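Novice: What follows is a structure written as structure tokens; I'll ask about it next.
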Amino acid sequence: MFSRSRRLSTEALNMIRINKFTLVLVMVCSCCVTSIKLDELKNDKNLLYQNLFKPDQLAKTVGGGSSAASSRAASRPASGDRDGAPMAKHAVNKSSADGEETSKTRAVQADAQSSALKTTISEKRVEKCKEKCPANIKECCRNAIAEKSCHNATDDPVSYFVNPSYPNEDWDSSFCDFRVDIKNRNVCQLRLDLEEFSLRGPHKYLGSCRQDRLIISTTLPNGIGITELCGNNTGQHLYFPVDPKAGGSSVALMMMTSQSSRYSWKVRITQIDCLADPQAVAPTGCLQYHTSLSGTIQSFNYAGGMYQSGLDYAVCIKRSVNTCRVEFQQVPGSTFGINSMEGPSLEEGIGRAGEVSCDLVTHDYLHIPGGMLDIGEEILAATGNVEVYTPTAEKFCGRSLSGLAIQEFAEKIKVNDPLGAQDNNTIATPVTSYASGPIIVRFHTDSVTVRERDIGFSIAYQQLGTGCNKNKIRR
């Protein structure tokens, strides 16, 4: 009995051991299966990420259309998978967004490359043109030169300074400055061409620029012979000296404007290299410089009908090798008005010459060195080529430019009555100068000018190489 119980106990114990072993085996197998499934799921997720986010797949996604969409649908986990569904949705949205961004980036890069290429070509063209501009302004250079307005600076050999709304007019009251920096140490002059210049004119009784005006300041102490400029001066030009070697490395142009009238300007500024282009250099002291054999000289604001007060500047003409005389005459049909001793009582069309009429009481005059009434070859021939007395005068005023006024003044001097009444037959006639050396006409005005009387002048000059052997003329 005892042995049987013992055998049963042993069998039960064995059964329990077998069951424990089986349970352990089952648990191990279950863990292996679970691990395998987790690994497979992880691999599937990794594969999905790789397919969705690698660069070539992105390109296919952008260009592939429906095929890429079906590929993503096949890779998407079942709707019951909590982790899989949100992940796949995020991946698809990111892929689409990245594709669009890539497309935009490529388009921007292409535009930038095209723009950079155009800019490079344009810059090269501009630089090539600018090299020729100081000596010869051509149409390509005009188009290449940038127009700048208020509160700007430039160091270009040629530049444009314009009013803020150019080519339209402006009305606002403003202070508009423009600085020209000179980096080339061979530059000795600046030339300003007033291609358009329309400001309010001088005060009608004082002659000064009290509203709108151009002020030019340099670091050189002698200035340019004119402190300010106003009125209508389209077509005029100015030269003034600079010296970078002496510290004059910049020039400031300042436009002071008010709301009293509309205004506009376009000023071309040329830096003159005295070594590279010596023919373009104006003689020292000349505010204006004409290089043709013939041309026209006008006072500032002649178109506006009144010259400024306080002027004293020189207009120079380049002398030709064969020139022996220069003839000056009033432009046909033009008006002439420079204040004289008689003031407004002087008859229209009557000219005056000499110190008494032009520089005794008033001090406005046009100075022509060695000015005389040319007696002509006919008169010399009629006198048998004997010595002929021909007086000269250098200061001209009144209401015409008259060579006859020289003769009349000389007659008054002869009879010792320079202040006596004149015959008033001194109408507009040419004035000729045989003076040697530089050809210089100077205009001087005193501190007061009056509108409608002090109009200014428009005279034509012509250099002549004939009629030079007038040794019989005694001056």
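Novice: Going by what's in this entry, would residue 130 be described as basic (Lys, Arg) and at pLDDT below 90?
Specialist: When the stated conditions are applied, residue 130 passes them.
Rundown of residues vs (1) open to solvent by 40 Å² or more (accessible area, probe 1.4 Å); (2) of a type in the set (S, T, N, Q); (3) closer than 18 Å to residue 403 by Cβ, yes/no style:
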{"position": "288", "(1), (2), (3)": "no, yes, no"}
{"position": "293", "(1), (2), (3)": "yes, no, no"}
{"position": "299", "(1), (2), (3)": "no, yes, no"}
{"position": "313", "(1), (2), (3)": "no, no, no"}
{"position": "320", "(1), (2), (3)": "no, yes, no"}
{"position": "326", "(1), (2), (3)": "no, no, yes"}
{"position": "329", "(1), (2), (3)": "yes, yes, yes"}
{"position": "336", "(1), (2), (3)": "no, no, yes"}
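Novice: Criterion first (within 30 Å of residue 260 (Cβ to Cβ) and at pLDDT 95 or above) does residue 194 satisfy it?
Specialist: Here the answer is yes, as residue 194 does meet what is asked.
Novice: With respect to residue 260, is the statement that it is open to solvent by 30 Å² or more (accessible area, probe 1.4 Å) and modelled with pLDDT under 90 true?
Specialist: Answer is yes for this residue.
Novice: Could you please let me know if residue 410 is at pLDDT 65 or above and either assigned to a strand (DSSP E or B) or of a type outside the set (S, T, N, Q) (or both)?
Specialist: Yes.
Novice: Something else about it: When you look at residue 307, is it in a loop (DSSP other than H, G, I, E, B), open to solvent by less than 70 Å² (accessible area, probe 1.4 Å) and aromatic (Phe, Trp, Tyr), yes or no?
Specialist: Yes, satisfied.
Novice: Consider residue 427 carefully, then state whether it is open to solvent by 20 Å² or more (accessible area, probe 1.4 Å) and at pLDDT below 80.
Specialist: Here the answer is no, as residue 427 does not meet what is asked.
Novice: Do you know which residues across region 263-283 are crowded, with 16+ Cβ neighbours inside 10 Å and either outside any strand (DSSP E or B) or among the aliphatic types (A, V, I, L, M) (or both)?
Specialist: If the condition is that a residue be crowded, with 16+ Cβ neighbours inside 10 Å and either outside any strand (DSSP E or B) or among the aliphatic types (A, V, I, L, M) (or both), then 267, 269, 272, 280, 281, 282 are the ones that fit.
Novice: Please tell me if residue 352 is closer than 23 Å to residue 428 by Cβ and basic (Lys, Arg).
Specialist: Yes: the conditions hold for residue 352.
Novice: I've got another one for you. I'd like the full set of residues that are within 42 Å of the chain's Cα centre (by Cα) and either part of a loop (DSSP other than H, G, I, E, B) or modelled with pLDDT under 90 (or both), limited to region 350-372.
Specialist: 362, 363, 364
Novice: Mind listing whichever residues of region 432-463 are assigned to a loop (DSSP other than H, G, I, E, B), open to solvent by less than 10 Å² (accessible area, probe 1.4 Å) and under 19 Å from residue 297 (Cα atoms)?
Specialist: 445, 454, 457, listed by residue number.
Novice: Among 210, 191, which is the only one that is open to solvent by 40 Å² or more (accessible area, probe 1.4 Å) and assigned to a loop (DSSP other than H, G, I, E, B)?
Specialist: After applying the criteria, what remains is 210.
Novice: How do the pairs read when you match residues in region 325-345 that are under 20 Å from residue 435 (Cβ atoms) and at pLDDT below 95 with residues anywhere that are crowded, with 16+ Cβ neighbours inside 10 Å and aliphatic (A, V, I, L, M), using Cβ under 9 Å and keeping only pairs 6 or more apart or on different chains?
Specialist: 325/435; 325/464
The values are calculated or read from the model by the stated rules, or taken from the named source; none is laboratory data. None of the values given here were measured: they were computed from a predicted structure. Using ideal geometry, Cβ is built from the backbone for each residue, glycine included, and neighbour counts are taken over all protein chains shown. The protein model used for the area step is the full one, side chains on, heavy atoms only, and it has no ligands, DNA or RNA in it. Shrake-Rupley method; radii C 1.70, N 1.55, O 1.52, S 1.80 Å.
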